[in-house]
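Below is one structure, written out as structure tokens; the observations come after it.
Computed from the coordinates by the stated procedures, all read-outs in this text should not be read as laboratory data. Just so it is clear, the model here is predicted, and its values are computed rather than measured. Neighbour counts run over all protein chains shown; Cβ positions are idealised from the backbone, glycine included.
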Amino acid sequence: MLERIEQAKKTVHSACEKVGRPIQIMEVCGTHTVSIFRHGIRTLLPDNLKLLSGPGCPVCVTDQGYIDVVMDLARRDDTIIATYGDMIRVPGKGGSLESLHRDNVKVVLSTDDGLALAKKHPDKTVVFVAVGFETTTPASAVAVADAASEGVENFCILSGHKLVVPAMQALLGSKNDKIDAFLCPGHVSVILGSDAYKPVVEEFKRPCVVAGFEGIQILEGLAKICAQIAAGRAEIDSVYGAAVTPEGNKVAWKIITDTFEPCNGAWRGLGVIPGATMRLKDKYKQFDALHRFGIKEVPTEEPAGCQCGQILCGLMDPPQCGLFGEKCTPDTPVGPCMVSTEGACSAWYKYGK
Ligand code: SF4
């Protein structure tokens with residue numbers, strides 16, 4: 001192991017020295033952000049290599065307007081809100097789900113638990129808070145298909161599911177063209193397939209290297225990226241070859257595309273990105289909470305002073321936010337990046353000192 005670490009470190013240092021200018025690599029995923037801190041990866045890197053946290057924490061990129069819709073639905077007497085635990089403390093305009101102190105807000109561990117709640121409470125409509133990337137979308141798709149086939153009519157989802165690659169393109173195209181390369185998430189890439197990054201490589205000429213979440217995988221991923229930059233190449237590569245194939249998991253994709261279709265949707269910090277949010281197809285419209293409750297638009301509003309949007313675009317580091325560590329801490333989060341354990345602000349607060 002030590003030999004692999006030394007070799008990767010040597011490659012990173014010699015490549016960065018050869019390039020001779022500042023290099024910025026974005027880790028797309030929040031799990032990478034946390035792992036980079038926990039393994040002390042930054043302490044192994046040369047001064048001219050900076051790592052940026054990207055828009056890969058599902059809670060963090062969920063638009064403020066979506067949170068406000070969840071809150072409105074939670075205030076009704078005819079609903080039960082089924083949500084994963086990390087969404088419960090994200091502040092909306094009028095507080096968080098946790099601060100509502102309502103019995104109809106239930107933390108669940110799976111979409112199956114949400115469906116079970118609907119069967120148990122036929123007099124209420126269960127709204128499943130469906131956020132996440134390609135890794136969690138198949139579970140939402142299965143729950144909707146099961147609800148349809150079993151006739152569970154009081155179940156629906158509020159889809160905030162997102163697609164990673166269009167966000168990377170939007171980021172480079174309109175928000176931050178100073179990103180030199182991407183360290184791509186292992187788990188999402190298992191579903192997506194490494195070929196999915198072709199538009200980023202071909203259109204924007206940025207290396208995309210898939211890595212798992214162990215320290216050595218991250219370091220070796222960075223080494224491959226730096227070697228490409230030094231050689232003037234931009235290619236897809238992977239250090240997670242055992243799990244990631246070029247074409248991805250076709251079964252999971254079929255489940256997703258049978259149920260969902262891409263639409264234009266708002267991302268925190270990135271605004272509306274064409275084709276980067278997933279909505280239910282027309283045949284499953286009755287399971288779409290927006291349709292069920294006649295909600296026409298999801299308005300957008302950021303908490304005052306919060307810089308999550310800038311941070312998610314790699315334009316600033318969390319300590320540069322005026323609220324970081326003072327008004328905004330994990331106990332008193334102002335924005336989602338401090339709530340989620342995968343959020344950049346939370347990671348910097350916990351490990352950055
Ligand atoms: S420190 Fe808090 S307020 Fe500042 S960007 Fe992060 S989450 Fe938002």
Q: Take every DSSP beta bridge whose two residues both sit in the chain, then give the antiparallel share in percent to the nearest 5.
A: 25 percent
Q: With the Cα gyration tensor of the stretch 189-240 in hand, give its eigenvalues times 5 under a square root as the equivalent ellipsoid semi-axes, listed largest first in whole angstrom.
A: 18, 16, 6
Q | Nearby aspartates and glutamates by direct alpha-carbon distance to residue 178 (threshold 19 angstrom, same-chain neighbours under 8 apart not counted) | A | 17, 27, 47, 202, 203, 235, 317
Q | Table column - 3J(HN,Hα) (Hz), the stretch 320-332, Karplus curve with 6.51, -1.76, 1.60, x for Gly and Pro | A | 6, 6, x, 9, 4, x, 10, 6, 10, 9, x, 7, 10
**Q.** Selected from 236, 30, 43, residue furthest toward positive end of dipole (the chain; charges at beta carbon)
**A.** 43
Q: Could you give the size of the charge dipole of the chain about its Cα centre, using +1 on the Cβ of each K and R and -1 on the Cβ of each D and E, expressed in debye and rounded to the nearest 20?
A: 480 debye
**Q.** Cut-off under 5 Å, modelled amide H: who pairs with residue 52 long-range
**A.** 25, 26, 27
**Q.** At 1.002 mPa s and 20 °C, Stokes D of the chain from Kirkwood alpha-carbon radius, µm² per second
**A.** 103 µm²/s
Q: Report, largest value first, the span of the C-alpha coordinates of the stretch 135-289 along each principal axis, in whole Å.
A: 57, 34, 24
Q. Roughly what % of DSSP beta bridges within the stretch 46-199 run antiparallel, to the nearest 5?
A. 5 percent
Q. Amide H to amide H, which residues 5 or more places from residue 90 or on other chains are under 5 Å from it, using H placed in the peptide plane?
A. 97
Q. Tell me, what ³J(HN,Hα) does each residue in the stretch 130-137 have, in order and in whole Hz, if you take phi through Karplus 6.51 cos²θ - 1.76 cosθ + 1.60 with θ = phi - 60° and put x for Gly and Pro?
A. 9, 10, x, 9, 4, 6, 9, 4
Q) Taking the stretch 7-118 on its own, what percent of its Cα-Cα pair distances exceed 18 Å? A) 64 percent
Q | Check: the stretch 20-97 dipole with +1 on Lys, Arg Cβ and -1 on Asp, Glu Cβ, in debye | A | 380 debye
(Q) Restricting to Cα atoms and excluding each atom paired with itself, what does the Kirkwood estimate give for the stretch 233-353 in Å? (A) 17.7 Å
Q: List the relative contact order of the stretch 106-229 as a percent without decimals, with contacts defined as Cα pairs under 8 Å and 6+ residues apart.
A: 21 percent
**Q.** Within the chain, helix-based [θ] at 222 nm, where runs of 4 or more DSSP H residues each add -39,500 (n - 2.57), nearest 500
**A.** -11000 deg cm²/dmol
